[in-house]
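**Q** My questions all concern the structure below.
The values are calculated or read from the model by the stated rules, or taken from the named source; none is laboratory data. Please read these numbers as outputs of a predicted model, since none were measured by experiment. Neighbour counts are summed over all protein chains in view; Cβ atoms, including those assigned to glycine, are modelled from backbone coordinates with ideal geometry. Remember, those area values only see protein heavy atoms, side chains included, never the ligands or the DNA or RNA. Shrake-Rupley method; radii C 1.70, N 1.55, O 1.52, S 1.80 Å.
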Amino acid sequence: MAERSVFMVDLPAQTQISAGGVETTGHPTGALRKECHRNAADEPNGGPTQRTIEQTASLTADDAVADGTAAEGTAAVSLPVVLARRIIDVLVSGPGLVILPLLLTLAVATHRMTSVTLWRDELATWWAATIPFEDFVRLMQRVDAVHATYYLIMRGWIEIFGDSPTMLRMPSVLAMAGVAVLVAVLGRKLYDPVTGLFAGLLFAVQPAVSRYGQEARGYAFMVLAVTLSVLLLARALEKPTWWRFLGYAVTVVFVGATNLLALVMLVGHAAAVATAFRTHGRRVLRWLPAVSVAVLALIPLVMCSYRQRDQIAWLPRTDVDRVLAAPAAVFLSGEIALLLIGLAVTAFRFDRRSALMFGWVAAGPVTLVLISRYVTTLYEPRYVLWVIPGLVILAAAAVRGMTRKQLRLVAVHAVAIAVLLGLIAQGPHHHVRDSVTRQNFSYDALVKPIIDGYRPGDGIAYVEYEWTFMMKPGIAYSLPDHVRPKEVFVTRTAEDAGWWGPTECATVERCETDAPRIWLVRLGTDDDPLVAVSDLPEAVLRAQYTITQVWRPQNQLVVLLTRNYRG
């Protein structure tokens with residue numbers, strides 16, 4: 001029997017309303033329901049398709065009675081409904097299910113993607129991805145091993161596409177677009193095609209998608225890896241074969257390689273496996289060896305990252321205030337977070353599907369918060385961005401569930417929520433495209449005086465060597481190739497030191513330089529530009545150089561000093 005779309009239904013030729021109820025001629029509703037039952041018999045398990053077709057059938061004469069519509073007006077009222085159903089049918093039954101979320105995510109994530117200059121974290125990416133490979137290895141042995149996989153991806157990418165701001169950020173854009181596709185596919189698999197499409201579109205317009213889709217860091221890849229792992233776990237629990245669990249194990253390694261802290265997701269996965277045990281028995285326990293192999297593969301990275309644990313020592317203690325602020329910090333909008341969480345809660349059911357989804361969005365983050373509260377501080381909002389895809393799927397499922405008996409209301413509710421989200425998200429979307437959201441100064445502004453006044457033979461000194469401000473990588477990236485002042489007051493370059501900045505000279509003799517002019521770049525707005533310069537360089541500068549000019553771009557200091565020549 002030819003397959004009928006669950007969203008396409010023939011209109012009755014004529015509907016009459018009488019005291020006894022609703023009567024139809026030409027194509028009675030009762031006959032249509034019988035036909036729907038026959039079609040449902042051709043479907044596996046029969047149930048879902050049968051129910052959906054009955055619901056669409058009930059949107060004929062029955063809706064006319066509910067709305068108080070006269071018989072002769074039924075066809076006119078139903079025509080837009082049928083057209084809407086057919087449009088939805090085309091979107092959800094073909095490539096539109098993934099293409100629309102993909103295109104919308106690309107459009108949102110690329111909008112004004114270069115309006116914000118590269119900030120210090122992105123410059124760390126550029127530095128690690130462009131220094132010679134042996135220097136890169138030294139750097140990873142000392143710091144940022146947790147991001148090594150992402151840096152390796154970026155090394156290959158830059159080799160092919162270059163290191164412009166657009167190209168540096170494009171991998172994150174593509175990763176977020178991939179997440180939107182996975183969200184649509186997962187929503188369809190766990191719920192239905194309409195839920196999948198709506199979830200994919202909801203994900204695309206999240207402010208956090210713009211923020212981290214426009215950033216040359218690995219968080220978009222982390223979200224991609226976690227979402228892919230949930231999809232493959234759902235497939236493995238549906239049919240618990242070794243091959244499916246092997247594919248899932250590979251994605252767990254991918255998750256750990258993008259961000260080790262994202263492995264707390266396994267707590268939620270364990271809950272989903274335990275729930276599936278009641279129906280699939282011991283076969284789902286294949287999850288245990290699959291996860292064990294994946295974790296063993298990550299042990300070298302875990303050990304190296306543990307030695308570098310001081311790298312996250314800056315994280316503040318996780319207290320009640322941080323927990324309460326978490327939704328707004330993750331979604332970059334408290335209103336959007338509350339709306340999606342509220343919708344997601346209404347989608348809860350006591351079944352395997354909810355165990356998987358709520359394990360995804362709740363168990364992992366709660367585990368990370370508890371560890372951060374009572375063991376060691378690990379929580380940072382961007383480390384749990386991977387909950388966003390799960391919450392938008394649940395929110396979409398909630399909207400779909402509210403309108404299941406009257407399909408035509410899906411579009412109305414979806415549009416209403418989309419408009420509401422659009423209004424709320426305007427501020428956050430503009431905010432993430434503002435440079436002050438990431439860093440309160442621009443390296444481009446710092447290097448402008450140097451570019452305008454550079455002379456061959458000039459030297460340059462950075463007062464702030466700390467990696468937290470990436471002064472050395474920032475200036476190096478922003479200066480054009482023909483402007484390359486020589487570093488002074490250093491004994492080892494940043495590349496040789498395996499660090500973000502050079503090693504400063506330790507004796508006066510080593511601090512001596514013959515540079516006729518020196519550009520001093522530093523943070524702060526002190527009246528005396530040489531205040532807080534390290535002791536030895538400061539002594540050399542005060543004794544042998546004179547301040548010629550001072551610039552104060554964006555509350556920073558750029559100082560030009562000229563050597564004192566005595567006759």
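**Q** For Gln311 and Arg563 in the same chain, what is the full-extension length gain: residue separation times 0.36 nm, less their Cα-Cα distance, in nm?
**A** Gain on extension, Gln311 to Arg563, equals 86.8 nm.
**Q** Hey, another quick one. In whole angstrom, note down how far apart the Cα centers of segment 379-395 and segment 173-205 are.
**A** Taking the Cα centre of segment 173-205 as reference, the centre of segment 379-395 is 14 Å away.
**Q** Now for a different question. Go through Glu238, Glu159 and list them by solvent-accessible area, largest first, probe radius 1.4 Å.
**A** Putting Glu238, Glu159 in descending order of accessible area: Glu159, Glu238.
**Q** Continuing with the same structure: Hey, can you grab everything whose amide H is under 5 Å from the amide H of Gly459? Only 5+ residues off in sequence or another chain; H modelled, so Pro and N-termini drop out.
**A** Amide H to amide H, under 5 Å and 5 or more residues apart or across chains, Gly459 pairs with Lys486, Arg517, Ile518, Trp519.
**Q** Please list Trp243, Trp551 from largest to smallest accessible area, probe radius 1.4 Å, with all protein chains kept in place.
**A** Result of the area sort, largest leading: Trp243, Trp551.
**Q** On to the next question. So, taking all protein chains as they sit and a 1.4 Å probe, how much accessible area belongs to Ile160, in Å² rounded to tens?
**A** Near enough 130 Å² of accessible area.
**Q** Let me ask another. Would you mind telling me the share, in percent, of accessible area of segment 254-363 contributed by carbon and sulfur at probe 1.4 angstrom?
**A** C and S fraction of accessible area: 68 percent.
**Q** Let me ask you something else. So how far apart, in nm, are the two label points at Arg235 and Arg86 if each is 7 Å from Cα heading toward Cβ?
**A** Placing both labels 7 Å along Cα→Cβ, they lie 3.5 nm apart.
**Q** Using 7 Å Cα-to-Cβ label points, what is the Arg142/Thr346 separation (nm, one decimal)?
**A** Going from the Arg142 label point to the Thr346 one covers 5.5 nm.
**Q** Keeping all protein chains in the complex and leaving out DNA, RNA and ligands, what accessible area do you get for Cys304 with a 1.4 Å probe, in Å² to the nearest 10?
**A** Estimated to the nearest 10 Å², Cys304 gives 30 Å².
**Q** On a full-extension model of 0.36 nm per residue, what is the gain between Cys304 and Val531, subtracting their alpha-carbon distance, rounded to one decimal in nm?
**A** Separation in residues times 0.36 nm, less the Cα-Cα distance, equals 77.9 nm.
**Q** Moving on to the next point. Between Val293 and Ile371, what FRET efficiency comes out of the Förster formula 1/(1 + (r/R0)^6) with R0 = 25 Å and r the beta carbon distance, rounded to 0.05?
**A** With R0 = 25 Å, the Cβ-Cβ based efficiency is 0.60.
**Q** At what distance in angstrom do the alpha carbon centres of segment 130-159 and segment 248-279 lie from each other?
**A** Each part reduced to its Cα centre gives a spacing of 27 Å.
**Q** In segment 474-553, carbon and sulfur make up what percent of the accessible area (probe 1.4 Å)?
**A** Heavy-atom surface of segment 474-553 belonging to carbon and sulfur, 1.4 Å probe: 49 percent.
**Q** Okay, next question. With every protein chain left in place and a probe of 1.4 Å, what is the accessible surface of Asp452, to the nearest 10 Å²?
**A** Asp452 has an accessible surface of roughly 110 Å² with all protein chains in place.
**Q** Quick check: pseudo-label points 7 Å beyond the Cα along Cα→Cβ at Ile160 and Leu338, how many nm apart are they?
**A** 4.5
**Q** Moving on to the next point. With a 1.4 Å probe and all protein chains kept in place, how do Arg382, Arg86, Arg278, Arg317 rank by accessible area, largest first? Each step should come with its number before you reach the end.
**A** Working: Arg382 35, Arg86 105, Arg278 185, Arg317 145 Å².
In descending accessible area the options line up as Arg278, Arg317, Arg86, Arg382.
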